[in-house]
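Chemist: Take a look at this one; I'll ask things after.
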Amino acid sequence: MTPSYGSAEALLTHHLGSHPIVGVRPHVVERTARQMIAQFPGDVLYAVKCNDADPVLDALWKGGIRHFDTASIGEVRQIRRRFPGAVCHFMHPVKSPEAIAEAYFEHGVRSFVLDHEEELAKIVQVTNRAKDLDLFVRLAVPGEGAVLTLTGKFGCDVEEAPALVRACRAFARSVGITFHVGSQCLDPMAFHRAIALCGQVVAEAGAVDMLDVGGGFPGRYRGDEPGFDLFVATIKAALHQYGLAGTPLQCEPGRALVADGASVFARVELRRGASLYLNDGVYGNLAELKWIGPQFPLRAIRVGGRHGDAPLIPYDLFGPTCDSIDSMPGPHLLPADMDEGDWIEVGQMGAYSNALKTRFNGFETGGVVFLHDDAFDRIRLEASLARRGDAFAYAQAA
Ligand SMILES: Cc1ncc(COP(=O)(O)O)c(C=O)c1O
C-alpha cells in the first residue's frame, strides 16, 4: 500500500530513509483532470508515458479520464489491467507486429497512429484486414514555441500526408490526423500553425473523421505561461478558420494534467560553496530540472531544526551519479544557510520525473507516497516568500 501523509512536513518527520521520494497529491491531479475535461471540446486522452505511477493513474481516473494515449504494449497492458473499461489509443507511429497483434486481439485496441505506408501495411496485415480500425496519420509540424521540440523523428510531411490519408481510408473504419507541437509549448499559435497544415491536408485528401491535437500544453512553472483555456480558445479559432470546426476532436496531454500533482523531495549530501550535491538528479527524478531549466518552485524543509528563513541565494544543483551530465545548473534559489542533511521540495514535478528515473550507478529512489496538503506550485511559493519579505530578492535573482 502506498504510504500516506497529511503534509510534506509530516512526510519528512516520519520518513526515515535516505532515498529521494516522490509525493503525489491525488486531489490536485483529480481536480486538474476535471478542469481540463470541462474546458476541452472533445476527448482528453492522458499520455501515460508522462507519469505511469498507480496513484497518478487512479487520480486521473477519479477525475474522469477514460481515454489513454498508450505508446507501448507495456502501457496498454498496464492500463487494461488497472481500468478494464478504459479506451487505449496506440499512439506510437512505429510499432512491432507483436505489439499490434496483442493490442488488437487481446486488449481491444482499435485506434492506431502511423506516419508511413509500411506501417499501414503492417497494421492491416497483422490485424487480418480488420474492418474496425480507427487510423490516425501523424503529421510533422514545426516545433517553434516548445521548450522540448519533438521534430525530426516522427510525422510525415504535409505533401505526403494526403496520399497516406487516402490509403488509410481504403482499410479503416475512420481516419484522423494527429500532430504534436512539442512539449512545454509556450505559444498557443503553434497549434494554430499545426491546424493550418491539417487544413491543407484535408483540402487535398477530403474530410477526415477525427482530429487529434496532441499534447504539449505547458506546466505553469514560472507562472506566466499561457493557460489551457487560451490554448483551447486558439485551437477552436483555428478549427473555425480552416473549415475543421465540425470535426470530432481529441487531445493527448501529459504534462499539463499531472505537473502540479507531485513534488520531489531530495536531500543535500554535501554543500560546496554555492553547489549543492543531492541524493537525486538527472538519472533519478529530476531530469526536468536540467532539460526544462531552473524554473521549478523550490523550498527547504527542515524538520525540528532551523527554519528556511535565511535570505535566498542562487545555487547550482548536482545529482548523485559520477556522470558530469548529472548537473542541474541554477540559479536555484534556496536559503543561504543550506547544509548537509537539509531536504528540499521541488514542486510541480508530476511530469517526466519518476517516469524517467533509472538505476544508473546503483542509486535507488525511494518510491511514491501520497500527500494531502496543497500543491507546492509557483503561487504557493510566491505567497510564502511574500510573507517572509523575500519576494523582491526572489524576483531579482530569478
Ligand atoms: C504522441 C505524444 N502524445 C502526447 C505526449 C504528451 O506530451 P506533453 O506531456 O508535452 O503534453 C507525447 C510526449 O512526448 C507524445 O509523444
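Chemist: For a quick check of your reading of the model, give me the residue pairs whose first member lies in segment 208-219 and is modelled with pLDDT of 95 or more and among the acidic types (D, E), whose second is surrounded by fewer than 24 Cβ atoms within 10 Å (Cβ to Cβ) and in a loop (DSSP other than H, G, I, E, B), with beta-carbon atoms closer than 8 Å and at least 6 apart or on different chains.
Modeler: D209/T247; D209/P248
Chemist: Which of the residues that make up segment 9-63 are within 13 Å of the ligand (Cβ to nearest atom) and open to solvent by 60 Å² or more (accessible area, probe 1.4 Å)?
Modeler: K49, D52
Chemist: When residues of segment 322-336 are filtered for being of a type in the set (A, V, I, L, M) and open to solvent by 50 Å² or more (accessible area, probe 1.4 Å), how many remain?
Modeler: Going through segment 322-336 one residue at a time, the tally reaches 1.
Chemist: May I pose another question? Could you please tell me which pairs satisfy a Cβ distance under 7 Å, a separation of 6+ or placement on different chains, a first residue in segment 349-372 that is under 13 Å from H19 (Cα atoms), and a second residue that is of a type in the set (D, E) and assigned to a loop (DSSP other than H, G, I, E, B)?
Modeler: Note: pairs meeting the criteria are T365/D280.
Chemist: For the condition within 16 Å of the ligand (Cβ to nearest atom) and not hydrophobic (A, V, I, L, M, F, W, C), what is the one hit in G284, G261?
Modeler: Of the residues listed, the single one that is within 16 Å of the ligand (Cβ to nearest atom) and not hydrophobic (A, V, I, L, M, F, W, C) is G261.
Chemist: Still on this model: Among the numbered conditions (1) open to solvent by 50 Å² or more (accessible area, probe 1.4 Å); (2) modelled with pLDDT under 95, tell me where K290 comes up short.
Modeler: (2)
Chemist: On to the next question. Can you confirm whether segment 18-27 contains a residue that is assigned to a helix (DSSP H, G or I), closer than 30 Å to E269 by Cα and among the aliphatic types (A, V, I, L, M)?
Modeler: No, segment 18-27 has no match at all.
Chemist: Here are G350, G319: which of them is under 13 Å from S275 (Cβ atoms) and either at pLDDT 95 or above or open to solvent by 10 Å² or more (accessible area, probe 1.4 Å) (or both)?
Modeler: Among G350, G319, only G319 is under 13 Å from S275 (Cβ atoms) and either at pLDDT 95 or above or open to solvent by 10 Å² or more (accessible area, probe 1.4 Å) (or both).
Chemist: Would you mind stating whether V113 is open to solvent by less than 20 Å² (accessible area, probe 1.4 Å) and either in contact with a helix residue (DSSP H, G or I) (Cβ under 8 Å, 6 or more places away or on another chain) or closer than 25 Å to A351 by Cβ (or both)?
Modeler: Spelling it out, V113 is indeed open to solvent by less than 20 Å² (accessible area, probe 1.4 Å) and either in contact with a helix residue (DSSP H, G or I) (Cβ under 8 Å, 6 or more places away or on another chain) or closer than 25 Å to A351 by Cβ (or both).
Chemist: Taking the residues in segment 348-363 that are in contact with a Cys (Cβ under 7 Å, 6 or more places away or on another chain) and of a type outside the set (A, V, I, L, M) as candidates, determine which candidate is nearest to the ligand (Cβ to nearest atom).
Modeler: Y352
Chemist: While we're here: Determine whether R138 is outside any loop (DSSP other than H, G, I, E, B), more than 27 Å from the chain's Cα centre (by Cα) and in contact (Cβ under 8 Å) with a residue 24 or more places away in the chain.
Modeler: Taking the combined requirement at face value, the residue does not satisfy it.
The values are calculated or read from the model by the stated rules, or taken from the named source; none is laboratory data. As the structure is a computational prediction, the values presented were derived from the model and not from experiment. Counting neighbours? That spans all protein chains shown, and the Cβs are built from the backbone with ideal geometry, glycine included. Side chains included, ligands, DNA and RNA excluded: accessible areas come from the protein's heavy atoms. Shrake-Rupley method; radii C 1.70, N 1.55, O 1.52, S 1.80 Å.
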